[in-house]
Amino acid sequence: MKRKILAVYPGSFDPPTNGHLNIVKRTLQLFPKLVIAITQNVHKTPLFSLKERLQLLKKITSNLDNVEVISFSGLLVDYLKVVDAFVVIRGLRVFSDFERELQMALINRKLNKNIETVFLIPDHSYTFLSSSAVKELAMFGTNVSEFVPKYVEIALKKRIYCNLK
Ligand code: ADP
C-alpha cells in the first residue's frame, strides 16, 4: 500500500497572512496531511516570538483538519528527517520570489536528494501580500483586516500599541 505523504510548509509566518492560509488550503487539496513548520529566520528580527507565531497559526488553522503546527530551530532537512517527510511546500507570488525559492529548493536537494519542493501559486488577490507589507501597513495605522485573519489583526494591534508605549 502507498503511504500517505506528509507535506511540510516551512516559513517565518511573522505574522501569518491570508496568503499563507490560501497556500495551506491548496496544499490540503493535494496532500492528506500538512505540518506548518515555523522557522527561526536568522536574518530577520521577528515582531512575534516563535511561541506567539505558533499560537497564532494554531488558532487560525483550528478549523482545518489534518493540519499540525510546530516550530523548529535548525535546518529544515534535519526536521524533515525526524518526521520522515520529503515534500516541502512553498508559495510563489511574483517572479522575484522565484530566484530565492529555486536556490533554497536546490540547496535542500543538495543536502538530501529525496526532498521535493512543491511550489503553489496563491489566488491572484494574494500575490502582492507579504508579512512585511502587513507589518508596515499596520505600523502606520492602516486597516489590515483584508489581509490577515481577525485574530492576527488583533495581535498586531496589541503588539504595535505596546511597542509604541
Ligand atoms: P520565509 O521568511 O521563509 O520566506 P514567509 O513567512 O515570508 O517565510 O513565507 C513562507 C512561504 O510562504 C514562502 O514560500 C513565501 O513565498 C510564501 N508566501 C508568503 N506570503 C504569501 C502569499 N501572499 N501568497 C502565497 N505565498 C506566500
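The values are calculated or read from the model by the stated rules, or taken from the named source; none is laboratory data. Because the structure is a prediction, the values reported are computed rather than measured. Heads up, the Cβs are rebuilt from the backbone with ideal geometry, glycines too, and the neighbour counts pull from every protein chain shown. Heads up: the accessible areas ignore ligands, DNA and RNA and are worked out on the full protein's heavy atoms, side chains in. Shrake-Rupley method; radii C 1.70, N 1.55, O 1.52, S 1.80 Å.
Among the residues in the stretch 78-90, are any β-branched (V, I, T), crowded, with 16+ Cβ neighbours inside 10 Å, in contact (Cβ under 8 Å) with a residue 60 or more places away in the chain and not in a strand (DSSP E or B)?
Taking every residue of the stretch 78-90 in turn, none turns out to be β-branched (V, I, T), crowded, with 16+ Cβ neighbours inside 10 Å, in contact (Cβ under 8 Å) with a residue 60 or more places away in the chain and not in a strand (DSSP E or B).
So that you can scan it fast, the table gives a plain yes or no per residue for (1) over 16 Å from the mean Cα position of the chain (by Cα); (2) surrounded by fewer than 17 Cβ atoms within 10 Å (Cβ to Cβ); (3) closer than 18 Å to K25 by Cα:
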site	(1), (2), (3)
T61	no, no, yes
L106	yes, yes, no
N114	yes, yes, no
P122	no, no, yes
A138	yes, no, no
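Does any residue of the stretch 17-32 turn out to be at pLDDT below 95 and either of a type outside the set (K, R) or more than 24 Å from A133 (Cα to Cα) (or both)?
No, the stretch 17-32 contains no residue that is at pLDDT below 95 and either of a type outside the set (K, R) or more than 24 Å from A133 (Cα to Cα) (or both).
Could you say which residue among V152, V148, V118 is away from the ligand (no atom under 12 Å from the Cβ), touching a residue at least 12 places away in the same chain (Cβ under 8 Å) and open to solvent by less than 70 Å² (accessible area, probe 1.4 Å)?
Step by step, each of V152, V148, V118 is checked, and only V152 is away from the ligand (no atom under 12 Å from the Cβ), touching a residue at least 12 places away in the same chain (Cβ under 8 Å) and open to solvent by less than 70 Å² (accessible area, probe 1.4 Å).
So, in the stretch 38-56, how many residues would count as being buried (at least 16 other Cβ atoms within 10 Å of the Cβ) and closer than 11 Å to S12 by Cα?
Total satisfying the criteria: 8.
Between a residue in the stretch 32-46 that is in contact (Cβ under 8 Å) with a residue 24 or more places away in the chain and closer than 11 Å to S71 by Cβ and any residue that is within 9 Å of the ligand (Cβ to nearest atom) and assigned to a loop (DSSP other than H, G, I, E, B), which pairs come within a Cβ distance under 7 Å, given they are 6 or more apart or on different chains?
Once the first residue is in contact (Cβ under 8 Å) with a residue 24 or more places away in the chain and closer than 11 Å to S71 by Cβ and sits in the stretch 32-46, its partners that are within 9 Å of the ligand (Cβ to nearest atom) and assigned to a loop (DSSP other than H, G, I, E, B) give I38/F13; T39/S12.
For every residue, the table says whether it meets (1) surrounded by fewer than 19 Cβ atoms within 10 Å (Cβ to Cβ); (2) away from the ligand (no atom under 13 Å from the Cβ); (3) charged (D, E, K, R).
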| site | (1), (2), (3) |
| --- | --- |
| K4 | yes, yes, yes |
| Y9 | no, no, no |
| T17 | no, no, no |
| L21 | no, no, no |
| T27 | no, no, no |
| P32 | yes, yes, no |
| I36 | no, no, no |
